[in-house]
Amino acid sequence: MESSQLDTISVKTSDNVTLGYTVAGLGSRLVAQILDNLVALPLTLIAILLYGAIASVFVTSAEGAGFAGAGAGFFAGFVYFGYFFVAEVVTGGKTPGKSAMGLRVIRVDGSAADFGALAVRNVIRVVDVVVVLIGIVVMFFQPQTRRLGDLGAGTIVVRDRAMVTLAAAAAPPPVILRTPDAGPPIDGLDRIGGFERDALRVFLSRQGLSQKLRTELAADIAKRLLDRLGLPLGAPERLWPPELFIERVYLQLDQRYR
C-alpha cells in the first residue's frame with residue numbers, strides 16, 4: 001500500500017511498517033544527469049573512435065562507408081544509453097551521478113527496481129533524450145518529477161535512505177546524565193554488580209517520562225539502593241537528590257565493569 005504527496009512518498013510494507021522517501025527534485029536530477037554525461041559522453045566518444053578505426057580497415061567502398069556511418073551512430077547510442085542501464089542494474093538503481101547526488105531509482109510501491117523495470121525506463125530514455133529533451137519537459141510538469149521512462153516502468157527517483165548498520169541498530173540508547181562527575185567513592189558498591197548497573201542504565205536512558213513520574217521512580221530506586229548498600233543513616237549519600245545519587249552509583253559501577 002502506497003500513499004504520496006508532491007515531494008514525499010510513503011510506503012506501508014506487508015509488516016505494517018511505513019517507510020518514507022523524499023522524491024528527487026528536478027534540479028538534483030538534472031545535476032545527476034550532467035555528472036553522468038561527464039562519464040557517458042567520453043566513453044561514447046572513445047567507442048566511436050575505436051569503431052571508426054576498426055571499420056576503416058574493412059570498409060573499401062562508398063556504400064560500405066555509409067553502412068559504417070549508420071553503424072557508428074547505432075553503436076554510439078548503444079554505449080551511451082547502455083551506460084545508464086548497466087550502472088542502474090549493477091548498483092540497484094544508481095548511476096555515478098545519482099550516487100553523487102544521493103539519489104536512487106525505486107518502484108512506486110517502494111520496492112527495489114528490478115531488471116525489467118530498469119530495462120523499460122532506459123529503453124524509453126531514448127525518447128526522453130532524443131525527442132527535443134521531452135524528458136525534461138515531462139519532469140517539469142509531472143508532480144513527482146517522473147520522466148516518460150519512469151511513467152512507463154512504474155519507477156520513481158528518490159533521495160536514497162541512509163543505510164543503518166547493525167552496530168547502530170543494536171546500540172543502546174544514550175544515558176541521560178545531568179553531570180558526568182562520578183562523585184566521591186560510595187561505600188558498599190561491592191554489594192551490587194552488573195545487573196544493577198544495567199537496570200540503572202535502563203532508567204537513566206528512558207525518555208518520555210513526565211517529571212513527576214521520573215521523580216517518583218528515582219526516589220523509589222534510590223531508597224532500594226541505599227538499603228542494598230547498607231549505608232548508615234548519617235551517610236552523606238542519603239542527603240543527595242535521588243537522581244544525582246542514582247547517576248553516581250551508575251557511573252561508578254560503569255567504571256568498574258568497563
Next on the checklist: I'm checking my understanding of the structure. Among residues of region 107-116 that are out of contact with any Gly (no Cβ under 9 Å at 6 or more places or on another chain) and surrounded by fewer than 18 Cβ atoms within 10 Å (Cβ to Cβ), which one is modelled with the lowest pLDDT?
Outcome noted: Ser111
Checklist outcome for this item: Checked Arg248, Arg228, Arg214, Arg206 against criteria (touching a residue at least 40 places away in the same chain (Cβ under 8 Å), more than 16 Å from Asp181 (Cα to Cα) and either of a type in the set (S, T, N, Q) or assigned by TED's automatic domain parsing to the domain that holds Arg178 (or both)); the one match is Arg228
Checklist entry - Is it true that Val131 is modelled with pLDDT of 85 or more and either more than 23 Å from Phe78 (Cβ to Cβ) or in the same structural domain as Ile34 (by TED's automatic domain parsing) (or both)? => result no
Checklist entry - under 26 Å from the mean Cα position of the chain (by Cα) and modelled with pLDDT of 90 or more: does that describe Ala119? => result yes
Checklist entry - Taking region 187-243, which residues are polar (S, T, N, Q) and over 15 Å from Asp254 (Cβ atoms)? => result Gln207, Ser210, Gln211, Thr215
Checklist entry - If you take the residues in region 196-255 that are surrounded by fewer than 18 Cβ atoms within 10 Å (Cβ to Cβ) and hydroxyl-bearing (Ser, Thr, Tyr), which one is nearest to the chain's Cα centre (by Cα)? => result Ser205
Checklist entry - Just wondering, is there one or more residues in region 32-41 that are at pLDDT 70 or above, in a helix (DSSP H, G or I), of a type in the set (D, E, K, R) and touching a Gly at 6+ places or on another chain (Cβ under 6 Å)? => result yes
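The values are calculated or read from the model by the stated rules, or taken from the named source; none is laboratory data. Note that this is a predicted model, so its numbers are computed, not measured. Cβ sites come from the backbone with ideal geometry, for glycine too, and all protein chains shown count toward neighbours.
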